[in-house]
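The values are calculated or read from the model by the stated rules, or taken from the named source; none is laboratory data. What you are looking at is a predicted structure, and each value in this text was computed from that prediction instead of being measured. Ideal geometry is used to build each Cβ from the backbone, glycine not excepted, and the neighbour counts take in all protein chains shown. Each accessible area value is taken on the protein alone, full model and side chains, heavy atoms only, with ligands, DNA and RNA left out. Shrake-Rupley method; radii C 1.70, N 1.55, O 1.52, S 1.80 Å.
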Amino acid sequence: MSSRTSEVLVVGGGIIGLVTAWRAAQRGFGVTVADPEPGGGAAQVAAGMLAAVTELHHGEQTLLGLNLASAQRYPDFAAELTDFTGQDLGYRRCGTLAVALDADDRAELRELHALQRRSGLASEWLTGRECRRLEPMLAPGVRGGLRVDGDHQIDPRRLAAALLTACAWVGVTFHRGWAERLDVVRDRAVGVTLADGTALTADQVVLAGGSLSGRLAGVPEGVLAPVRPVKGQVLRLTVPARRAPFLQRTVRAVVRGGHVYLVPRENGELVVGATSEELGWDTTVTAGGVYELLRDAHELVPGITELPLTETRAGLRPCSPDNAPLLGPTGLDGLLLATGHHRNGVLLTPVTGEVLAHALATGELPDVARPFTPRRFSRTELPA
Ligand code: GLY
């Protein structure tokens, strides 16, 4: 079968693969992307919250540093991509309000507030009345909340579309096919073989296949990305013009232990997410998933039941053992990873593109990404 040669081959054309390809091509590399459906992947389902502060979790302080670094890059990144492509990304600096519906939620949110303050992050505690003054559609029972003006949003579908355009304009070649096997010659990755038998060769291969990155045949066992799929079901509703503005900012809560968020776009779309399910490769939208999301969102904002429900969909977050991404060179020469972004793929898009382009050019990770080397999971570095 035919063999096509490029300097950099990116396996996976979701937003992480596309941003890597765009930034690498800007550095002068000849780049090919292999994906049956470039621009697809988890971004087609994601809500697009840029929530470094409201999605902070105990034990994820190192990841916080990377999340904040990427959040800081977002304004310039969005402006550059918009200028370059002429495409609107739906980037809104709208802020986020995380609210509590009962005493347990309130205690949990207080705990999050304390953690945010210890981490030097800006967030403000509000009473229930203050929350409702900001967002009049909130349920009367809201007990209090956290106002985080620095957590914004972007429309991931528009982001993917713009990255596709940007890649095309800098000369990235697209090859529409599934990568079935990594080709390794004398302990070096030299390309992939696609499902139709086509061999694509390259000096460097970046594996950015989301959850599928852990399944590529031919990758030596100690180098295989330890990522698993975590299912998220997400709903899209439409706010009719006569009901706008329904919500001004992202509103979120923990209800009965499950996270629910409502992300209002300027075009009237209201995204409600998300379940988090360890069900392997299953992407079925279930009655139970839709019911739970609507039930919890209704407790938060009762008026949503009057809105048209326009879409239900499920996607797969690529999750690593420590919930943080795997970025850069691996134990196999010529193979780099850009996967494992879990809940933060959209947020981490700007910094991932920058880090991977740097790693491709220099063979090294920049300081901001050193803790996220895939080598942290390699067998030889595990404690005895
Ligand atoms: N970051 C939101 C989610 O993963 O559902």
Query raised in the report: For the stretch 192-238, what are the residues that are away from the ligand (no atom under 16 Å from the Cβ) and farther than 24 Å from D333 by Cβ?
Result: A195, D196, G197, L237, T238
Report summary line: Taking the stretch 96-117 and keeping residues of a type in the set (A, V, I, L, M) and assigned to a strand (DSSP E or B) leaves L97, A98, V99, A100
Query - Residue count for the stretch 76-95, restricted to those that are more than 20 Å from R157 (Cβ to Cβ) and open to solvent by less than 70 Å² (accessible area, probe 1.4 Å) - result: 1
Report task. Have a look at D149, D155 and point out the one that is buried (at least 23 other Cβ atoms within 10 Å of the Cβ), in contact with a strand residue (DSSP E or B) (Cβ under 9 Å, 6 or more places away or on another chain) and charged (D, E, K, R). Result -> D155
Query raised in the report: Of everything in the stretch 125-157 that's of a type outside the set (A, V, I, L, M, F, W, C) and in a strand (DSSP E or B), which residue is farthest from G17 (Cα to Cα)?
Result: T127
Report task. Select from the stretch 200-216 the residues that are closer than 26 Å to T283 by Cα and open to solvent by 40 Å² or more (accessible area, probe 1.4 Å) and list them in ascending order. Result -> L212, R215
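Rundown of residues vs (1) farther than 19 Å from H175 by Cα; (2) buried (at least 24 other Cβ atoms within 10 Å of the Cβ), yes/no style:
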{"residue": "T20", "(1), (2)": "no, yes"}
{"residue": "A24", "(1), (2)": "no, yes"}
{"residue": "G28", "(1), (2)": "yes, no"}
{"residue": "V31", "(1), (2)": "no, yes"}
{"residue": "A34", "(1), (2)": "no, yes"}
{"residue": "G39", "(1), (2)": "no, no"}
{"residue": "A43", "(1), (2)": "yes, yes"}
{"residue": "L50", "(1), (2)": "yes, yes"}
{"residue": "H57", "(1), (2)": "yes, no"}
Query raised in the report: Could you list, in sequence order, the residues of the stretch 260-270 that are of a type outside the set (S, T, N, Q) and closer than 14 Å to P240 by Cα?
Result: P264, R265, E266, G268, E269, L270
Query raised in the report: Within the stretch 288-304, is there a residue that is touching a His at 6+ places or on another chain (Cβ under 8 Å) and either buried (at least 17 other Cβ atoms within 10 Å of the Cβ) or at pLDDT 95 or above (or both)?
Result: yes
Query raised in the report: Would a scan of the stretch 305-325 turn up a residue that is more than 14 Å from the ligand (Cβ to nearest atom), of a type in the set (S, T, Y), out of contact with any His (no Cβ under 9 Å at 6 or more places or on another chain) and open to solvent by 10 Å² or more (accessible area, probe 1.4 Å)?
Result: yes
